[in-house]
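Below: the structure, in structure tokens.
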Amino acid sequence: MRLDGKVAIVTGGGSGFGEGIARRFAEEGAKVVIADINLKGAKGVAKMIETAGGKALAVNCDVTRKADWTKLVKDATKAFKRIDIVVNNAGMPQRAAPMLGTDEKTFDKIFAVNVKSIYWCAQTVLPVMRKQGGGSIVNIASTAGVRPRPNLVWYNASKGAVITMTKSMAVELAPEKIRVNALNPVAGDTPMLAAFMGGKDTPDIRARFISSVPIGRLSTPRDIANAALYLASDEAEFITGVCMEVDGGRCI
Ligand SMILES: NC(=O)c1ccc[n+]([C@@H]2O[C@H](COP(=O)([O-])OP(=O)(O)OC[C@H]3O[C@@H](n4cnc5c(N)ncnc54)[C@H](O)[C@@H]3O)[C@@H](O)[C@H]2O)c1
């Protein structure tokens, strides 16, 4: 198994891509800590993993809060003794709209969930990884940070920040064997998708999104999970600072 003996935290693991990542990691032998503001969702995913014979822990965590990260790290190390992998997946969309239509509170929330969460992750998780002599962080960015669509300016910018943080962290942490990589998924079939469509998920808008993807479909949690699995595993021990499109060719 590709993650045998590893302990992984997956933020936003109670839904969508995070659920797919948590379940895929567990299939490959990882003990998975599912951290989500939606505890019910996190518990549901933990139960599915345990029913399938894996090990999982659900933790109530708002990734914008330092106190929640501190508790998350404490709970994870208490339950499973170490932290080898963190997938910073929890995210907040912008409802598609012209740029002046987003109020300050929403802007701050987008940046708190998508960007500042990684600052708190670094503050609380790096001391543990340093003590262990290494680790792997996978940030879920987006094709939005590389090939932005109109009407998503602030969300696009937040994912651009995730990509730059990934590369910056990677180069600074490389000598300590802590790898930092990112995935750039294209639009995926998760509860978040409707927001990117302006609030309504209609067949017409779906067709428009799909028409921009050369392989001809949206991304799935399994696509993202398989890519995260590779980056998180020791197979990628020489890979750091990579921001990999998982996008069916959208960014070509
Ligand atoms: N779905 C897409 O089209 C798409 C495309 C590219 C990138 N992404 C990114 O993928 C990631 C996962 O999104 P998804 O599509 O699976 O969405 P989703 O809405 O299905 O899942 C997001 C999860 O994050 C959790 N969350 C939100 N705010 C949180 C907070 N403050 N603290 C802890 N958990 C919080 C939610 O409760 C939810 O379980 C996000 O970072 C998103 O920006 C999504």
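See the values below:
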item	result
Ascending count of other beta-carbon atoms within 10 Å, so fewest first, for 92, 48	48, 92
Calculated on alpha-carbon atoms, Rg and Dmax of the chain in Å	17.1, 52
Equivalent ellipsoid dimensions for the stretch 1-123 as semi-axes, Å, which come from the Cα gyration tensor, largest first	27, 15, 11
Order of 245, 50 under a 10 Å beta carbon neighbour criterion, fewest first	50, 245
The stretch 7-246, relative contact order [Cα under 8 Å, separation at least 6], %	21
Cross-link pairs beyond the 23 Å C-alpha cut-off, checked among 55/159; 131/177; 66/109; 43/167; 31/131	55/159; 43/167
Amide H partners (placed H, <5 Å) of residue 86, local residues excluded	9, 136, 137, 138
Max mean-square fluctuation residue, GNM over the chain, Cα-Cα springs under 10 Å, options 153, 59, 45	153
Total charge dipole magnitude, the stretch 1-96, about the Cα centre, Cβ charges on Lys, Arg, Asp, Glu only, Debye to nearest 20	220
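Readers should treat all values here as calculations from the given coordinates under stated rules, not as data from a laboratory. Owing to the predicted nature of the structure, the values given are computational and were not obtained by experimental measurement. Ideal geometry is used to build each Cβ from the backbone, glycine not excepted, and the neighbour counts take in all protein chains shown.
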